[in-house]
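Okay, so here's the structure we're looking at.
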Amino acid sequence: MRLELASFPVSEVAFGAATRLDGSRLEVSRHDMTQAVAHPAIDGVDLEVIHPGESVRITQISDVVEPRIKVSGSGQVFPGLLGPVEAVGAGRTNRLSGLAVLVCGEVPWLGASGLFVPRDNFLDTDARGAEFTPHGQTINLVLRLGFPAGHTHEEYQRAVVLAGVRAARTLAAVTLTVPDAPADVVMRDLADVRPELPRVLYAYQVQSQGVFMRTYLYGRSLDELLPTLVHPNELADGALVAGGLGGGAVKLTTWLHQNNPIVDGMYRRHASEWNFGGVILHRGHYYQYEDKQRVALQVARAAQLLRADGVIFSLGGGGNNITEVMLAIQACERLGIKTVLLAWEHAGPAGADYPLPFAVPEAVAIVSTGSMDEPVELPSMQRVAGAHAIRTRPEVGGLPLAVDGPLQLPSRYELFGDANPVGWQRTGCREY
């Protein structure tokens, strides 16, 4: 599976009569975007463009998607959602680099509380808050959706997921007609290996437990996923799509599935420092301990069958997701397979508490990607894109938090991407 990932950089976005790319300037038709997100559970969309350096607080983010489209090879981007279930990960894919589509809006709670509700959140594109998100550096096209009454949670979730991927593909389609060649083409191929180098796999955990807490593989919800092998090129083509609307601080967006920095780093040093052997995709947060043991067993067996020398682990959410990962680390280490974990911390406001809710003695190599528990002070932004008060504490029916001024937060649960587990930022660790 050889994939050519062709980048068309975007440095400016403006609204126009048609969606087209002129050099690095992208014009976006409001009509095209309205058509792209059309769904019975959506009754309108407001559009806003935010460029790097602007002082904006964006609220109620459901997902972020990078515009991509297949040029050659089987299938199309976001298979199973936008087209047939056909294998992706080979041929050529075009991307609008530097551009992110943010799907936002106040998704109705319908009286629900607790885990399975859309969790409100926010991110800042300037000052201290921009350190916690990659989208302080991207041009952000914000799609703020409206939701009519009379639909179910399942229908709202489906509408939100489809809105993001449809809008992203519609935007990326402009690359098919431009005369300019891509600015950069990255070749992704695992075929070339050096036998003397260690073979390393990536155990990629996602969260998928039910409505508003889902992830999709080839359009199929992963609520009952046992560990399975996927090619990293499939992630680049959108085979993995985020359907979860919760867990803002640790949320894995579709943009991060497409641009996973662990995958990118593994590719950069493939056949020079190690042989990248592929991705073991698995789900966290099973409710029965025996199911967690099954996950650990299958991850370790897959690594053993692929003759792995090492496995990199990352977390797919908060809470007891760590249990499956720790048990899998233990199972791998007992087979002689070395492991390293990238993990967020629950270390308390002073950083002095036990950082993870579960651990095993074999987990001796752990890299922190940030703490959700530390207080943070954020200055006012010049404007707010979206609601000026977000909903917090769904377990008690919801409490409003005003975000249109300076913030002194006792924790970072609502700060979108603060403790992201796949390592795109370095707020939680220091390089030597």
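Which of the residues that make up region 392-426 are of a type in the set (Val, Ile, Thr) and surrounded by 13 or more Cβ atoms within 10 Å (Cβ to Cβ)?
Answer for region 392-426, where residues must be of a type in the set (Val, Ile, Thr) and surrounded by 13 or more Cβ atoms within 10 Å (Cβ to Cβ): THR392, VAL403, VAL422.
Can you find even one residue in region 255-266 that is open to solvent by 10 Å² or more (accessible area, probe 1.4 Å), within 22 Å of CYS104 (Cβ to Cβ) and not aliphatic (A, V, I, L, M)?
Yes, region 255-266 has at least one match.
What about GLU27, is it in contact with a strand residue (DSSP E or B) (Cβ under 8 Å, 6 or more places away or on another chain), among the acidic types (Asp, Glu), within 24 Å of THR125 (Cβ to Cβ) and at pLDDT 95 or above? Break it down into steps so the answer makes sense when it comes.
Details: in contact with a strand residue (DSSP E or B) (Cβ under 8 Å, 6 or more places away or on another chain): yes; among the acidic types (Asp, Glu): yes; within 24 Å of THR125 (Cβ to Cβ): yes; at pLDDT 95 or above: yes.
So GLU27 fits the description; yes.
Tell me which residues, restricted to region 1-13, are hydrophobic (A, V, I, L, M, F, W, C) and open to solvent by less than 50 Å² (accessible area, probe 1.4 Å).
LEU3, LEU5, ALA6, PHE8, VAL10, VAL13
Are any residues in region 14-62 open to solvent by 10 Å² or more (accessible area, probe 1.4 Å), assigned to a strand (DSSP E or B) and not aliphatic (A, V, I, L, M), and if so, which ones?
Result: PHE15, GLY16, ARG20, ASP22, ARG25, GLU27, GLY44, ASP46, GLU48.
Listed here are the residues, each with its yes/no results for (1) without any contact (Cβ under 8 Å) to a residue 12 or more places away in the chain; (2) more than 23 Å from the chain's Cα centre (by Cα).
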site: SER11; (1), (2): no, no
site: ARG20; (1), (2): no, yes
site: ASP32; (1), (2): no, yes
site: VAL37; (1), (2): no, no
site: VAL45; (1), (2): no, no
site: ASP63; (1), (2): no, no
site: PRO79; (1), (2): no, no
site: GLY83; (1), (2): yes, no
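Is it true that GLN205 is outside any helix (DSSP H, G or I), closer than 20 Å to ALA308 by Cα and polar (S, T, N, Q)?
Spelling it out, GLN205 is indeed outside any helix (DSSP H, G or I), closer than 20 Å to ALA308 by Cα and polar (S, T, N, Q).
Run ILE58 past the list (1) within 26 Å of ALA181 (Cα to Cα); (2) touching a strand residue (DSSP E or B) at 6+ places or on another chain (Cβ under 7 Å) and report the number of the one that doesn't hold.
All conditions are met except number (1).
Can you tell which of VAL117, VAL77 is modelled with pLDDT under 95, under 28 Å from GLU48 (Cβ atoms) and buried (at least 17 other Cβ atoms within 10 Å of the Cβ)?
Criteria check complete, one pass: VAL117.
Six or more apart or on different chains, Cβ under 7 Å: which pairs go from a residue in region 379-391 that's in contact (Cβ under 8 Å) with a residue 12 or more places away in the chain and under 12 Å from LEU407 (Cα atoms) to one that's surrounded by 14 or more Cβ atoms within 10 Å (Cβ to Cβ) and among the polar types (S, T, N, Q)? Could you list them?
Once the first residue is in contact (Cβ under 8 Å) with a residue 12 or more places away in the chain and under 12 Å from LEU407 (Cα atoms) and sits in region 379-391, its partners that are surrounded by 14 or more Cβ atoms within 10 Å (Cβ to Cβ) and among the polar types (S, T, N, Q) give MET381/SER55.
So VAL71 ticks every box in (1) within 23 Å of the chain's Cα centre (by Cα); (2) among the hydrophobic types (A, V, I, L, M, F, W, C); (3) assigned to a strand (DSSP E or B) but one. Which box is left unticked?
Every condition holds for VAL71 apart from (1).
Among the numbered criteria (1) part of a helix (DSSP H, G or I); (2) open to solvent by less than 10 Å² (accessible area, probe 1.4 Å), which single criterion is violated by ALA343?
All conditions pass for ALA343, except number (1).
Let's see how each residue does on (1) open to solvent by 20 Å² or more (accessible area, probe 1.4 Å); (2) touching a Leu at 6+ places or on another chain (Cβ under 7 Å):
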| position | (1), (2) |
| --- | --- |
| ASP189 | yes, no |
| VAL193 | yes, no |
| GLN205 | no, yes |
| LEU217 | yes, yes |
| ARG220 | yes, no |
| ASP223 | yes, no |
| LEU235 | no, no |
| GLY278 | no, yes |
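Could you say which residue among ALA343, ALA365 is under 15 Å from VAL250 (Cα atoms) and in contact with a strand residue (DSSP E or B) (Cβ under 7 Å, 6 or more places away or on another chain)? Before you say what the answer is, go through the steps one by one.
On the way: ALA365 fails: under 15 Å from VAL250 (Cα atoms).
Only one candidate qualifies: ALA343.
Residues checked against (1) under 19 Å from ARG158 (Cα atoms); (2) surrounded by fewer than 24 Cβ atoms within 10 Å (Cβ to Cβ); (3) not acidic (Asp, Glu):
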| position | (1), (2), (3) |
| --- | --- |
| LEU229 | no, yes, yes |
| PRO232 | no, no, yes |
| LEU240 | yes, no, yes |
| GLN288 | no, yes, yes |
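Do we find a residue being over 18 Å from VAL241 (Cβ atoms), out of contact with any Pro (no Cβ under 7 Å at 6 or more places or on another chain), of a type in the set (Gly, Ala, Ser) and surrounded by fewer than 16 Cβ atoms within 10 Å (Cβ to Cβ) anywhere in region 87-103?
no
Which members of region 120-169 meet the condition of being crowded, with 21+ Cβ neighbours inside 10 Å, among the acidic types (Asp, Glu) and out of contact with any Asp or Glu (no Cβ under 8 Å at 6 or more places or on another chain)?
Hit for region 120-169 is ASP124, nothing else.
Give the residues of region 30-57 that are modelled with pLDDT of 95 or more, of a type in the set (Gly, Ala, Ser) and closer than 21 Å to SER97 by Cα, sorted by residue number.
ALA36
May I ask you to verify whether GLU324 is part of a helix (DSSP H, G or I), more than 21 Å from ALA359 (Cβ to Cβ) and touching a residue at least 24 places away in the same chain (Cβ under 8 Å)?
No: the conditions fail for GLU324.
The values are calculated or read from the model by the stated rules, or taken from the named source; none is laboratory data. Given the structure is predicted, the values throughout are model-derived calculations rather than measurements. In this analysis, Cβ positions are derived from the backbone assuming ideal geometry, glycine residues included, and neighbour counts consider all displayed protein chains. Ligands, DNA and RNA are excluded from the accessible area calculation, which covers all protein heavy atoms including side chains. Shrake-Rupley method; radii C 1.70, N 1.55, O 1.52, S 1.80 Å.
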